[in-house]
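Data first, discussion second: the structure below is written as structure tokens.
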Amino acid sequence: MNKELFKSLFKEKKLRLSHPRLLIYQELSRAEIPLSPQELYQRLLKRQRKIGLTSIYRSLDLFESLGMVFKIINGSSVKYKLCEVKDHHHHIVCKACGDVVELNFCDISDWSKKVTESTGYQVIDHQFNFYGFCKACKPLQKPQSAEH
Ligand SMILES: [Zn+2]
Ligand SMILES: [Zn+2]
Ligand SMILES: [Zn+2]
């Protein structure tokens, strides 16, 4: 998302956009790949911006709760990618290189209906990710063994 959208979301929620938060946003927006809090810390340090890890963690938590970043958990590693859009969407993550693509469509109405039918719940929200191999990594994957 561009800076205007980022700023307007803060304004909308009446949250203060501190300088460290803006710097973290800028670093995420420059990065072509998802970054871990430690990587963000190192990159900021290289630009002579010393922002404590705790405050990086807090800002990323906030960004995530506002739907501004996508959090990718892979085993013990946690990385963040800035979202392009603010509206509801999903992501597909490459299992090999960690690349993330946003999916700007979502049609789970049949699925929601099934959930309601089987539980009686009214579905108001959902979250899930897709995983696979990107175009570059797909040829490198060994075919799945049939016996597996
Ligand atoms: Zn996203
Ligand atoms: Zn890949
Ligand atoms: Zn959805």
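The values are calculated or read from the model by the stated rules, or taken from the named source; none is laboratory data. Keep in mind that this is a model prediction, so the values were computed, not measured. Quick reminder, even Gly has a Cβ in these numbers, built from the backbone with ideal geometry, and neighbours come from all protein chains shown. Areas reflect the complete protein model, heavy atoms only, side chains present, ligands, DNA and RNA absent. Shrake-Rupley method; radii C 1.70, N 1.55, O 1.52, S 1.80 Å.
Quick rundown of the values:
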item	result
15 Å beta-carbon shell around R43, net charge (K/R +1, D/E -1)	+4
Largest-first ordering by accessible area, 1.4 Å probe, given options S76, S29, S59	S76, S29, S59
MRE, 222 nm, helices only [DSSP H, n ≥ 4, -39500 (n - 2.57), over the chain, to nearest 500]	-11500 deg cm²/dmol
Net lengthening on full extension, D125/R49 (0.36 nm per residue, minus Cα-Cα)	23.6 nm
Selection of GluC sites (Glu not before Pro), the range 20-121, meeting DSSP coil and at most 10 other Cβ within 10 Å	E32
Three-way shape call for the chain based on the alpha-carbon gyration tensor, with the a/c threshold at 1.5	oblate
Degrees, to the nearest 10: 109-119 long Cα axis against longest axis of the chain	80
Of all DSSP beta bridges in the chain, antiparallel share, percent nearest 5	80
Point-charge dipole on Cβ atoms (K/R +1, D/E -1) for the range 2-48, about Cα centre, debye to 20	280
With Cα atoms, 0 to 90° folded angle of helix 3-12 axis to the chain main axis	90
Neighbourhood net charge (10 Å Cβ-Cβ; Lys/Arg +1, Asp/Glu -1) for N104	-3
Full-extension gain in nm, K7 to I33, via 0.36 nm per residue minus C-alpha separation	7.2 nm
Dipole of the chain [Lys/Arg +1, Asp/Glu -1 at C-beta], most positive-end residue of L45, H88, G75	L45
Simple spin-label estimate for R58 and L15 in nanometres, 7 Å along Cα-Cβ	1.3
Helix axis angle, 53-65 relative to the chain longest principal axis, alpha carbon, degrees	50
Long-range HN-HN contacts of V69 with modeled amide H, under 5 Å	E64, C83
